[in-house]
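K.L.:
Can you keep this structure in mind? I'll have questions shortly.
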Amino acid sequence: MGSIHCYAAYIKEKEDIALNASSAGWMNEFVEVVLGGSILIPISTAYLGLAAVQASTAGGSGFSLGFLTLPTLFNNWGWFAPIAGAMWFGLLFFAGITSSLAMGQPILSFFTDEFKVTRIKGAILFGLATFVLGFVCVWLYPGGSFDEFDFWTGTFSLVVFALLESIVFSYIFGIDKGWKELNQGSDINVPIIFKYIIKYITPFFIGIIFIGAMVKPDTNWGIAISNLFSGNGWQFAKDSVIGVIFHVGAEKYNWFENSMPTEIFVKDFTRILLMFTFMLIAYLVHISWKKKQTYTKE
């Protein structure tokens, strides 16, 4: 996604959008899902058992599989274990650093275009901000800070912004105008059915997922609806958005215990930090927008 945003900012009017975006998505999913799944999961299952692999991928995250399960797997490989570990984490490092460069490019361009900050200063600012936020993840990892970053930015925000983007593209920018831009200079003709999928099915489908994630019950939906109409209320699941916000399932809600910060404090602190970061970005965008309006009037 960062690469697409980065390169999209520099394409010319007649350059192909449809084929480039499609090939990037297909290749990414092929490498991650097909190659990754067909290699890592069978090997891990053979060495560690199906239950261990299922536990490491619970909740849809591969973090435990990559950083906890696979190192355990490598320990079974004797003299080759250090080499396998170095290659594996080396690849993860280069995957992460190259993705960070791509995702950082729109931010650098924003600083350069809107605030006339040099690329060197912009890179330093971006690097420092990334270091601080990354340090928080590492420092407070035992308390669940990384999980909070992953949930609110990599799961919740992903759905929210995808929903907003589909609405903006289809109804604010206009699906007819967007469809013209999409096919202008394209090497492939996007089937017309996708025009209606983007306009109607995509926002509806993502909206259903978003609402379902917000109010997910701690039992199956049929029983939850029956309990609601019978006057027994609606019990939220611990991994629902509302359940996560209010720490459903936690034995006690207290920030300190024996003068030491609790896991609840770490999670709430991380959420406040993320909220502050989002508000800062929104404020910078607001300043940029006001400057553009002033310039247009003049």
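Read the figures in this text as sums done on the coordinates, not as results from a lab. From a predicted model like this one, the values you see are computed outputs, not experimental measurements. With ideal geometry, Cβ positions are generated from the backbone for all residues, glycine too; neighbour counts draw on all protein chains shown.
K.L.:
Would you kindly compute the Cα radius of gyration of region 204-291 and its largest Cα-Cα separation (Dmax), both in Å?
P.N.:
Every Cα atom of region 204-291 included, Rg and Dmax give 18.2, 56 Å.
K.L.:
By how many nm would the segment from N227 to Y196 lengthen if fully extended, with 0.36 nm per residue of separation less the alpha-carbon distance?
P.N.:
On the way: separation 31, 0.36 × 31 = 11.16 nm, distance 3.73 nm.
That works out to 7.4 nm of additional length.
K.L.:
Expressed as cubic angstrom per residue, what is the convex hull volume of the alpha carbon set of region 92-197?
P.N.:
Considering the Cα atoms of region 92-197, their hull volume per residue is 176 Å³.
K.L.:
May I ask which residue of F115, F135, P203 lies farthest towards the positive end of the charge dipole of region 90-221, with charges of +1 (Lys, Arg) and -1 (Asp, Glu) on Cβ and the Cα centre as origin?
P.N.:
The one lying farthest along the dipole's positive direction is F115.
K.L.:
Moving on to the next point. Could you work out the helix-only [θ] at 222 nm for the chain, with each DSSP H run of four or more residues adding -39,500 (n - 2.57) and the total divided by the number of residues, to the nearest 500 deg cm²/dmol? Provide the component values of the computation, followed by the final result.
P.N.:
Values: 15 runs with 193 residues, N = 298.
That calculation yields -20500 deg cm²/dmol at 222 nm.
K.L.:
Still on this structure, please answer the following. Can you sort W152, W77 from fewest to most other Cβ atoms within 10 Å of each residue's own Cβ? If you can, show how the numbers build up before the last one.
P.N.:
Numbers: W152 19, W77 13.
Fewest-to-most Cβ neighbours within 10 Å comes out as W77, W152.
K.L.:
Next up: Which whole-Hz couplings ³J(HN,Hα) result when phi for each residue of region 207-224 is put into the Karplus expression 6.51 cos²θ - 1.76 cosθ + 1.60, θ = phi - 60°, listed in order with x for Gly and Pro?
P.N.:
x, 5, 4, 5, 5, x, 5, 5, 10, 3, x, 7, 9, 6, 4, x, 5, 5
K.L.:
Still on this model: Of the chain, which part is the longest with no trypsin sites (Lys or Arg not before Pro) in a loop (DSSP not H, G, I, E, B) and with at most 11 other C-beta atoms within 10 angstrom? Present the calculation step by step, with values, prior to reporting the outcome.
P.N.:
On the way: sites that count: K12, K14, K116, K252.
Answer - 117-251.
K.L.:
Additional query: Taking the Cα centre of region 133-247 as origin and charging only Cβ (+1 Lys, Arg; -1 Asp, Glu), how large is the dipole, in debye to the nearest 20? The partial results should precede the final answer.
P.N.:
Numbers: 6 positive and 9 negative charges, 73 e Å.
With Lys and Arg at +1 and Asp and Glu at -1, about 360 debye.
K.L.:
For the chain, with the dipole built from +1 on Lys and Arg beta-carbon atoms and -1 on Asp and Glu ones, taken about the Cα centre, which of S166, W88, L280 lies farthest toward the positive end?
P.N.:
In the chain, that residue is L280.
K.L.:
Here's another thing I want to ask about it. Longer than 28 Å from Cα to Cα, which of K116/K180; K12/K195; K195/K292; K180/K291 are they? Say none if no pair is. Working shown, then result.
P.N.:
Details: K116/K180 33 Å; K12/K195 23 Å; K195/K292 32 Å; K180/K291 30 Å.
Beyond 28 Å: K116/K180; K195/K292; K180/K291.
K.L.:
Next question. On the Cα set of the chain, report Rg and Dmax in Å, please.
P.N.:
When restricted to the Cα atoms of the chain, Rg and Dmax are 22.8, 71 Å.
K.L.:
Continuing with the same structure: Take W26, W79 and order them by how many other Cβ atoms sit within 10 Å, fewest up front. Kindly include the intermediate steps, with their values, before the conclusion.
P.N.:
Values: W26 10, W79 6.
Ascending number of Cβ neighbours within 10 Å: W79, W26.
K.L.:
Here is a further query. Going Cα to Cα from K238, which lysines come in below 25 Å? Please leave out same-chain ones fewer than 8 positions away.
P.N.:
K216, K252, K267
K.L.:
Find the centroid of the Cα atoms in region 144-197 and in region 78-140, then give the distance between the two in whole Å.
P.N.:
25
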